[in-house]
Amino acid sequence: MESSKSTFTMPLPKLPMDELYARVRESLERMDRQEYEKKRRREAFLEKRWKERCKKRSNGDNKSPLFSTWASAGASSSELSNEELELNEPLKADAVGSSSSPAKDSSAKEDSSPEPPPYKSKYAYLDLLPKAPPPAPIPEEELIRRRKVEQELIALSKKITEEKLRKERMIPFVPAKPTFDPFPSNDTSTAAAAAAADSLANTVELHKLDLLDHKATAEFIQHHHPDIIIHCAAQRYPDAFESNLEESIQLNVESTRHLAQLCMSQPDYRPHLIYISTSYVFDGGVISKEFPPYVPTSVANPINNYGRSKWDGECAIRDVMNVAKSNSDCRGRGITVRVPLLYGEDCIQLDESPALEMMKVLLPTATGTTIKKKKIDNWALRFPTSCEDVAKALKLMIDRALIDKHFDGTYHVSSPHGITKYGLLQLQSQLLNVPKSELDERAAGNDDNPSAANPLAAPRPQCTQLNCEDTWSALGCQVEFTTLQDGMRRSSRGFPGRFIGQ
């Protein structure tokens, strides 16, 4: 298995200045001592070689040149290789000889050289330099001031980063309330900035609401008086819907009907309700023989309980809000928006979107772990759409609904770019520079109907492409959808570290 090489930089340890200085000096002295020992060994070898040649010359060996000084010997032998130095090493035994021969003992005495001078460090003079006095202790007030400045810099850096990510359409803008400041200040500019941040934070509030609690939902709407309600909550996983059928129907159908009734029962005003539905209300033509791309007036025929519940939610909106008798004053219209497979560009978990969950097979595994190849659906044609693009279309609908009280009906919002889940995984691996061999080892495409391979899974249509021409005609403009390459590049940014441990 091929693996892409990655460089890992170890951060330098934070040491006291004295310890850091001692380590640097120790390293310099060690290198200097190694150079000194190397020089001494070379001089000893040249001295031995010169004495051997002088001895041969005195014995009548005219072929051996006589070197008068060590310098001339060094000039001729400076080009010797390490192998030649090792081959000449036995000369030391010949020069020393054995203890049984007096002649050789005398020659060994003649060849003996004085001990070399001991090593003296070039950095010993540093010990004579005056040492800097120890730093004075920092007052507690100064430490508090420094910590406060550090916290302000961290907050400013975080704010700049979030602003940059927002411009790149990475995260939504949800200003948070200022946290408790452990180091209060009497500075008027800081107090004014905190007051301005507090005022800005109060403009956007998030409330947790259980739509199955009808009483709490009614009290919330009566208290806040919203002009527009976008109903996105649902059990959106077909297989999970089958395992918890009763509660899923309560959320997808009954809570939708209750919201529609609340919008119509307000005494002084009636908000618009935008209901997010799905392309799974169509069967792909297997039963109805009506094939994609589907327009809003196409015959709906869902083939699983999830699609059937969303269709029932559409019927509840239409029956309660858009009938002529109950809405003669043109207030409180219901709008249904059908969308395909969605993905977010700011997800922190791969499970948040079916368009990203396949990337789990690309997450790093522990050393020695056996990789089990996973089969990814390569049968159903999906049309992944960015939530950012859907939000743009919803903004156009809201602007139209606030002006035109008769604006209602069913609309389609879908990207035209079709791909299977396995094809989407291949695109994601290319954007992440994952080698094809590694992808083939971890995943494979399944060209069969997933329902046939797993009878317990909810049946799914093969293609439910949505036609958006009626939507753009009603809005008077068109949304330019993000390409799959750009959308997947932004949604997978920071992989895998962004999704590990979540």
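Carbon-plus-sulfur fraction of the accessible area of region 285-417, 1.4 Å probe, in percent? Heavy-atom surface of region 285-417 belonging to carbon and sulfur, 1.4 Å probe: 56 percent. Among 341, 363, 253, which residue has its Cα positioned farthest towards the positive end of the charge dipole of region 249-365, with +1 placed on the Cβ of Lys and Arg, -1 on the Cβ of Asp and Glu, and the dipole taken about the Cα centre? The residue sitting farthest along the positive end of the dipole is 253. Measuring between their Cα centroids, region 444-502 and region 301-319 lie 21 Å from each other. Remark: region 238-371 carries 42 Å² of accessible area per residue (probe radius 1.4 Å; ligands, DNA and RNA excluded). A viscosity of 0.692 mPa s and a temperature of 37 °C, combined with the Kirkwood radius over Cα pairs in Stokes-Einstein, give a translational diffusion coefficient for region 298-446 of 178 µm²/s. Couplings for region 420-435, taken from phi via the Karplus curve 6.51 cos²θ - 1.76 cosθ + 1.60 with θ = phi - 60°, read 7, 5, 5, x, 5, 5, 4, 5, 5, 5, 5, 5, 8, 6, 7, x Hz in order; Gly and Pro are left as x. Taking R0 as 41 Å, what FRET efficiency do you get between residue 144 and residue 21 from their Cβ-Cβ distance, rounded to the nearest 0.05? In this case the efficiency is close to 0.85.
Here r is the Cβ-Cβ distance between residue 372 and residue 206 and R0 is 51 Å; the resulting FRET efficiency, rounded to 0.05, is 0.80. When only Cα pairs below 8 angstrom with a gap of at least 6 residues are kept, region 341-424 shows a relative contact order of 37 percent. The H on the amide N of residue 374, modeled in the peptide plane, is under 5 Å from the matching H of 443, 444, each at least 5 residues off or on a different chain. Couplings 3J(HN,Hα) of region 33-44, computed from phi: 5, 5, 5, 5, 5, 5, 5, 5, 4, 5, 5, 5 Hz, in residue order, whole Hz [Karplus 6.51 cos²θ - 1.76 cosθ + 1.60, θ = phi - 60°; x for Gly and Pro].
You can think of it this way: the chain between residue 237 and residue 152 has 26.3 nm of extra reach, that is 0.36 nm per residue less the Cα-Cα gap.
Remark: the residue 261-residue 449 segment gains 63.7 nm on full extension, using 0.36 nm per residue and subtracting the alpha carbon distance. Ordered from longest to shortest, the equivalent ellipsoid semi-axes for region 339-392 are 27, 15, 5 Å, each the square root of 5 times a Cα gyration tensor eigenvalue.
The peptide list 20-31, 399-410, put in order of mean Cβ contacts within 10 Å with the highest first, becomes 399-410, 20-31. Close amide H pairs (under 5 Å, H built 1.01 Å from N) link residue 278 with 339, residues at least 5 positions away or on another chain. In this structure the amide hydrogen of residue 420, modeled in the peptide plane, comes within under 5 Å of the amide hydrogens of 382, none closer than 5 places in sequence on its chain. Applied to region 347-357, the Karplus parametrisation 6.51 cos²θ - 1.76 cosθ + 1.60 on θ = phi - 60° returns per-residue 3J(HN,Hα) values of 5, 10, 9, 5, 6, 5, 9, x, 7, 10, 5 Hz, with x for Gly and Pro.
The values are calculated or read from the model by the stated rules, or taken from the named source; none is laboratory data. Computed from a prediction, not measured in an experiment: that's the story for all the values here. We place every Cβ from the backbone using ideal geometry, glycine too, and count neighbours over all the protein chains shown. With ligands, DNA and RNA removed, areas are computed over all heavy atoms of the protein, side chains included. Shrake-Rupley method; radii C 1.70, N 1.55, O 1.52, S 1.80 Å.
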